[in-house]
Amino acid sequence: MNGLSKILLIEDSRNDIELTLMALDEHTLANEVVVARDGEEGLDYLYRRGAYRSLDLPAPALVLLDLKLPKVDGLEVLEKIKSHPELRTIPVVMLTSSREEQDVLKSYGLGANAYVVKPVTFDDFIEAVGEVGLFWAVLNEPPLGSLGGLC
């Protein structure tokens, strides 16, 4: 395990999970990626509930969040992250196929740090996700002490 903070990918599509992992790997990001396959699992990871109860790890450096998720949708996950005092400074990038203006507005209104529409072509997807990961997980400078884990 390296000393880098993790990236939390909350995504239900197997294809998009594989593409995202390939994109991050291709851009040589060494951050470990934790995959949650629905909104509830993503929240369990962040709040250290259920299967993640015994983990004593810092919060992720970045959350890549799909909009349309089973169990708990992406907007509700985003709202919970941004309303929690210990999680709100974690950058959340909406990574979705929706170009609907209301989804964009709701996402930013709830505190999303970025909204990225998943490109259709393989090469464009790899490039977009790689750039997002590089910026938010490596180049971005979070506030000191903002990535502590939950008790």
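The values are calculated or read from the model by the stated rules, or taken from the named source; none is laboratory data. The model shown is predicted, which means the values in this text are computed figures rather than measured ones. Ideal geometry is used to build each Cβ from the backbone, glycine not excepted, and the neighbour counts take in all protein chains shown. For the accessible areas, the whole protein counts, side chains as well, though only heavy atoms, and no ligand, DNA or RNA atoms are used. Shrake-Rupley method; radii C 1.70, N 1.55, O 1.52, S 1.80 Å.
Structure summary
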item	result
Fraction of accessible area attributable to carbon and sulfur, the stretch 1-87 (%, probe 1.4 Å)	47
Probe 1.4 Å, accessible area per residue of the stretch 18-77, Å²	47
Relative packing of 124-132, 34-42, which averages over residues the other C-beta atoms within 10 Å, highest first	34-42, 124-132
